[in-house]
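The values are calculated or read from the model by the stated rules, or taken from the named source; none is laboratory data. This is a predicted model, so every value here is computed, not measured. Reconstructed Cβ throughout: ideal geometry from the backbone, glycine too, with neighbour counts over all protein chains shown. Ligands, DNA and RNA are excluded from the accessible area calculation, which covers all protein heavy atoms including side chains. Shrake-Rupley method; radii C 1.70, N 1.55, O 1.52, S 1.80 Å.
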Number of protein chains: 4
Amino acid sequence: MRTSRIGYCVSVVGPGHGATVDAIDDAEAVGRLLAERGWITLCGGLAVGVMAAVARGASAAGGIVIGLLPGADRSDAAPELTAALATGLGESRNAVLISAADAVIGCGLSPGTASELALALRAGKATALVRPTREAAAFFRALAGEAPLYVAATPSEAVAWVARQLTSDLSGD
Amino acid sequence: MRTSRIGYCVSVVGPGHGATVDAIDDAEAVGRLLAERGWITLCGGLAVGVMAAVARGASAAGGIVIGLLPGADRSDAAPELTAALATGLGESRNAVLISAADAVIGCGLSPGTASELALALRAGKATALVRPTREAAAFFRALAGEAPLYVAATPSEAVAWVARQLTSDLSGD
Amino acid sequence: MRTSRIGYCVSVVGPGHGATVDAIDDAEAVGRLLAERGWITLCGGLAVGVMAAVARGASAAGGIVIGLLPGADRSDAAPELTAALATGLGESRNAVLISAADAVIGCGLSPGTASELALALRAGKATALVRPTREAAAFFRALAGEAPLYVAATPSEAVAWVARQLTSDLSGD
Amino acid sequence: MRTSRIGYCVSVVGPGHGATVDAIDDAEAVGRLLAERGWITLCGGLAVGVMAAVARGASAAGGIVIGLLPGADRSDAAPELTAALATGLGESRNAVLISAADAVIGCGLSPGTASELALALRAGKATALVRPTREAAAFFRALAGEAPLYVAATPSEAVAWVARQLTSDLSGD
């Protein structure tokens, strides 16, 4: 289904304001790991929380990171983004962030993040949660049905699992 | 904030395929109750599950019910809708369904439904869950923060709570 | 393709601020004529220009008129709307307004209006222009290709042509 | 308004199927010129017409080119894209393509292209048309009002004008 030369896109989702230190650390590590694999990182693009952290991590490792901003201008974009796309879609940009992804990795939880993870499961995309609370893990496991969901203890576990999922998709084509 | 003559819009969300009998019964009752109050019912518009049930209930009680369909044509619309709006937005129509609502009522749960409830909490809209599982109630309570969330035992409890929320908003203007 | 009981939806498009007196008069008449046929009128929903006029006309004739607002709240909605749906989509709501329509009628011209008329032609929807300038008529005729486009001298000519188009679609099913 | 390290994004719009040889040649040259300036090229992403040509040109010159696809998967993406973002938005992706751009360059004309150029003028973005027909140039000039519109005889004229517009915006901050 995917054309051969275009890079994989992995969306990293998580809270903006209110992100925990753990979520921010995890997101920065995830961004770095995605960049090291030569993949493209997608995120919500704002200069705060998990969005800013993943942009920082991917950028520091020389990767391409594209932010899909909710607003119509990029004044609030994370400065480390390769491209800051001001969608003007408001909250509907969450659905675009999931639609555009080959896989989704969640660091931390907020209502916006939950909406994205739920849409990822709905679309049957490979979805990894890094260090979720026990309650969140149970909820998303019950929600997932047959969608591929993985609860990871570390960023590298999450990225390694996504890699296996994407590779097995490819060989299954 | 709201202009005076336009009707309240309440979005009713829930599973399409895979909806339980309880969720379908609840949705039909919610639609009827919203119509009896003279409010406008919004839903996802498809001819299946909770979407079809709420359209049936609202329509039978003489109410206006507007469906926001994901696709670009209305061939799969519930026939009881007053208006079937084929948005062409795919999964992004979930965000529109929440944005357009004064309040949101959930009957049953699926990944799509979870994405809508999460967006409702994010926007701080009055959100009622009818007979959720204990696990889902706990998850959304933790997610809600200060957003107004109510766990209702019956459709009429949910609609009565929404009515109080909307009225208190109005008096607070 | 359309289910039998749901009403036809006709989108009326035109300038907000900067609408001419002619465009406003035409839009009000179009709204009235659509309501008299029992059809549902869709518009951009704002309390200004053609959007306000068509809401006024349809409402005065007892019709249902649904506004698709660009913003995330309805504080700027035309008060005569039956339902004011705050899409939160920004300019993307123009595409939804066209996607949701069985036919499109344009009164006056602005950049936003031109984007809507162009999308209507792209989708091959029945599209009528009421009293366009000679320049605009020539441009859209050249753009239309095989899409059904009609240049009407009056609102009633536009609505009568749309009626014939929708009826012939139906019989062709 | 723009943060300093993020690259300029220029959207190149034009027909897919039905693009003329001139439009395709122009788009490929525009893509190359944008890449040579170190800017990011945005396009509609499909493997046909102007979208494919601009991806080819930008890619050959070592630039980053991001495609915003209408559908929910990337099976129809131009293979030269750096990133193929399957928005799932249908025709609403046209509005996102304009919202995300600092400037817009049109090569050739179709209904979809016209919708994008009209939205660019509505947003007041720097908009250049490469070798439009006399009729199209006249139409968009009349539509533009005070929006910055330029009719270019060649791709390099278009890109040079856009460069001056973006630079003067920056100095005006």
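Only beta bridges with both residues in the stretch B:33-121 are counted; by DSSP, about 10 percent of them are antiparallel. Projecting 7 Å from Cα along the Cα-to-Cβ direction, the label point of D:Gly18 sits 2.7, 4.0, 4.8 nm from its equivalents in the other copies, listed shortest first. For a label point 7 Å from the Cα of C:Arg141 along Cα→C-beta, name the residues of the stretch C:96-134 whose backbone N is under 11 Å from it. Correct set: C:134. Taking a quarter of the surface of the Cα convex hull of the stretch C:52-100 gives a mean projected area of 3.2 nm². Could you let me know the centre-to-centre spacing of the stretch A:1-52 and the stretch D:101-118, using Cα atoms, in angstrom? Distance between centres, Cα-based: 31 Å. Our coupling estimate for the stretch C:64-79, obtained by passing each phi through the Karplus curve with A = 6.51, B = -1.76, C = 1.60 and θ = phi - 60°, is 8, 9, 10, x, 9, 7, x, x, 9, 9, 9, 5, 9, 7, 5, x Hz, Gly and Pro reported as x. For the rotational copy pair A/C, the chain A residue whose Cβ lies nearest the symmetry axis, together with its distance in Å, is A:Leu89, 3. D by Stokes-Einstein for the stretch C:1-160, Kirkwood Rh over Cα pairs, 25 °C, 0.890 mPa s: 163 µm²/s.
Partners of C:Lys125 within straight-line reach, counting lysines whose Cα lies under 29 Å from its Cα and excluding those fewer than 8 residues away in the same chain: D:Lys125. Dividing the Cα radius of gyration of the protein assembly as shown by 2.2 N^0.38 Å, with N the residue count, gives 0.92. Between the amide H of D:Leu42 and those of D:Val10, D:Ser11, D:Val12, D:Ile66, distances stay under 5 Å, these residues lying 5 or more places away or on another chain, with hydrogens modeled in the peptide plane.
The residues packed around C:Ile105, meaning those with a beta-carbon under 15 Å from its beta-carbon, carry a net charge of -3 if Lys and Arg are +1 and Asp and Glu are -1. Semi-axis lengths, largest first, of the ellipsoid equivalent to the stretch A:89-173 are 19, 17, 12 Å, with √(5λ) applied to each eigenvalue of the Cα gyration tensor.
Note on the stretch B:32-173: with neighbouring protein chains present and a 1.4 Å probe, carbon and sulfur make up 49 percent of its accessible heavy-atom surface. Inter-copy label distances at C:Gly145, shortest first and taken from points set 7 Å along Cα to Cβ: 3.0, 3.7, 4.7 nm. Partner shielding of A:41-47 amounts to 1, given as the average count of beta-carbon atoms from other chains within 10 Å of each residue beta-carbon. Where both bridge residues fall in chain C, DSSP classifies roughly 5% of the beta bridges as antiparallel.
Take the accessible area of C alone and of B alone, subtract that of the pair with a 1.4 Å probe, and the total buried over both chains is about 2600 Å². For the stretch C:1-78, dividing the convex hull volume of the Cα atoms by the residue count gives 96 Å³ per residue.
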